[in-house]
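The values are calculated or read from the model by the stated rules, or taken from the named source; none is laboratory data. None of the values given here were measured: they were computed from a predicted structure. As a convention, Cβ positions derive from the backbone with ideal geometry for all residues, glycine included, and neighbour counts pool all protein chains shown.
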Amino acid sequence: ALLSLDMITLFVATLCGLGCSLTAVDNLGHIGESLGYPQHTIGTFVSLVSVWNYFGRVFVGFISEIIYNKWKVPRPVIMMLSLIVSGVGDLLIAFPAPGSVYVASLLIGFSFGVQLTLLFIIIFELFRLKYYSTLFNCGQLASPLGSYIFNVQVVGRLYDVEATRQLAARGLTRSAAKELTCIGRRCYRTSFSILAGVNALGTLV
């Protein structure tokens with residue numbers, strides 16, 4: 001069951017979705033700082049993610065049940081839609097407009113809660129209880145693994161590249177002990193465009 005096509009497909013989709021969502025959540029503070037928001041507003045972004053993450057977890061269970069019973073829409077399709085929602089949130093950060101980070105926080109928080117809950121429901125529906133504990137824990141690995149790939153290797157590296165470019169433009173060099181700070185809309189444009197593409201890939205999987 002662990003190496004079945006269904007489980008591998010679910011793992012890859014979850015890696016894309018949860019990895020990108022966690023990356024966005026982890027970087028909200030730096031995103032707000034780079035766009036010039038005050039600290040209390042950045043705190044609002046974090047609160048929005050938390051609240052809508054809760055709503056996503058609570059409502060997706062019975063809403064997906066209603067949708068399935070009424071229109072026969074399977075839960076993997078709802079998972080696909082949540083990835084699309086997360087991708088829209090990433091694009092709102094990549095190409096920010098006034099107030100867009102508020103909307104992005106809401107969308108990413110909600111889709112994160114939906115994906116996390118649906119992961120375990122879909123595992124149960126596909127494999128039942130025989131291998132549930134093993135698959136449950138393996139499914140959870142997609143979240144930290146995706147976060148490491150996209151947060152550290154993609155967003156973190158591209159942020160440092162842009163921050164270093166800004167320093168060079170001012171004729172400065174980076175001190176080894178000093179943390180890099182990037183200011184402006186370009187800081188997360190490339191990285192979150194990539195995350196939106198990864199979410200799109202997850203929907204195709």
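Brief remarks follow.
- Checked against the criterion of being touching a Cys at 6+ places or on another chain (Cβ under 7 Å) and within 23 Å of Tyr37 (Cα to Cα), the stretch 183-205 contains one or more residues that satisfy it.
- Of the helices (runs of 4 or more DSSP H) lying entirely inside the stretch 98-205, the ones with 2 or more residues being aromatic (Phe, Trp, Tyr) and over 17 Å from the mean Cα position of the chain (by Cα) are found at 100-127, 132-140.
- Of Ile67, Ile78, Ile84, Ile63, all but one fail to be surrounded by 19 or more Cβ atoms within 10 Å (Cβ to Cβ) and of a type in the set (Val, Ile, Thr); the exception is Ile78.
- Given (1) under 20 Å from Ile78 (Cβ atoms); (2) crowded, with 19+ Cβ neighbours inside 10 Å, number of the condition Tyr188 does not satisfy: (1)
- Residue match in the stretch 65-78 (condition: aromatic (Phe, Trp, Tyr) and in contact (Cβ under 8 Å) with a residue 12 or more places away in the chain): no
- Residue among Gly113, Gly89, Gly56, Gly99 that is of a type outside the set (Phe, Trp, Tyr), surrounded by 20 or more Cβ atoms within 10 Å (Cβ to Cβ) and closer than 26 Å to Arg186 by Cα: Gly89
- Filter result for Ile84 (closer than 16 Å to Ala24 by Cα and part of a helix (DSSP H, G or I)): yes
- Residue match in the stretch 164-175 (condition: surrounded by 13 or more Cβ atoms within 10 Å (Cβ to Cβ), modelled with pLDDT of 90 or more, of a type in the set (A, V, I, L, M, F, W, C) and within 25 Å of Glu33 (Cα to Cα)): no
- The residues of the stretch 18-45 that are surrounded by fewer than 18 Cβ atoms within 10 Å (Cβ to Cβ), in contact (Cβ under 8 Å) with a residue 24 or more places away in the chain and β-branched (Val, Ile, Thr) amount to a single one, Thr44.
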